[in-house]
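Laboratory data are not the source of any read-out in this text; all were calculated from the coordinates shown. What you are looking at is a predicted structure, and each value in this text was computed from that prediction instead of being measured. In this analysis, Cβ positions are derived from the backbone assuming ideal geometry, glycine residues included, and neighbour counts consider all displayed protein chains.
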Amino acid sequence: MAALIPPLKPYQLITTTSSSILPFICSRSQSSPKLPATKMSANTSITPRKLPVLLFDIMDTIVRDPFYHDIPAFFGMSMKELLDCKHPTAWIEFEKGLIDEMELARIFFKDGRHFDLEGLKSCIYQGYSYLEGVEELLSTLKDNGYEMHAFTNYPIWYRMIEDKLKLSSYLSWTFCSCTIGKRKPDPHFYSEVLQHLDTEPQNCVFIDDRLKNIEAAKEAGIIGIQFKNADSLQQDLSLLGIAFQNKTKTQEHEA
């Protein structure tokens, strides 16, 4: 199944200029046609950038991670057996985009044994699903106008996640380790994110299930929230003043 997935167009990183108004312009405006300066009227207004910018880890924060649940069973092993016999750095290199999937298959096991790569990809694809309550939370945040980006350690197979779950309906796949060449908790990854977002670190909130990644975010001055479940995340975000008003219901009530 996974082999038939057409490649997606690569997601573009946000570019910056020296303009003093850029930090207040939402990056989503990149998709809108730009008006020539000569045609802009005195009534033209710039929509302020809604802060904070929300940065989401993906695996086990938004999406169920098949690695821990399904892959050991695919190989007929326990997790301990799999960890003992797999190459210690192959997956990390794949996540950073240093090797392709064929090289991953060649070195995945320390003893060089062959396995069904397409079968593995199909197993992983079938295992992707939204964690309970998270899609609804993302939808509400989007409806309330928040700018959201993926900030994740994952290989080019993030395209399989997109194909199945359509995460780009809610956020941009802006910061993936396979396209940036860095992995959390590398501090250079965090600084590169801030550079491309062109905003102060205190204007960003990062959500991740791994505490070490949250701690690295805080070292960079970014507000960090450790993900436990959708309900606790909504409570933590609400404490930061992030709105979860359901606009559709509000409009129906006003009508």
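Here are the numbers for the structure shown:
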| item | result |
| --- | --- |
| Förster-model FRET efficiency, 22 Å R0, HIS114 and LYS80, C-beta, rounded to 0.05 | 0.50 |
| Packing rank of 156-164, 50-58, where each peptide gets the mean count of other beta carbons within 10 Å, highest leading | 50-58, 156-164 |
| Whether the stretch 82-142 is rounded, prolate or oblate, judged on the alpha carbon gyration tensor where a/c under 1.5 counts as rounded | prolate |
| Lysine pair count for the stretch 125-255 [Cα-Cα under 19 Å; pairs on different chains or 8 or more apart] | 10 |
| Separation of alpha-carbon centers, the stretch 171-193 and the stretch 204-228, rounded to whole Å | 13 Å |
| Estimated inter-spin distance, HIS87 and THR47, nm [label 7 Å along Cα→Cβ] | 4.5 nm |
| Prolate/oblate/rounded call for the stretch 139-221, Cα gyration tensor, a/c under 1.5 rounded | oblate |
| SER191-LYS142 pseudo-label distance in nm [points 7 Å out on the Cα-to-Cβ vector] | 3.4 nm |
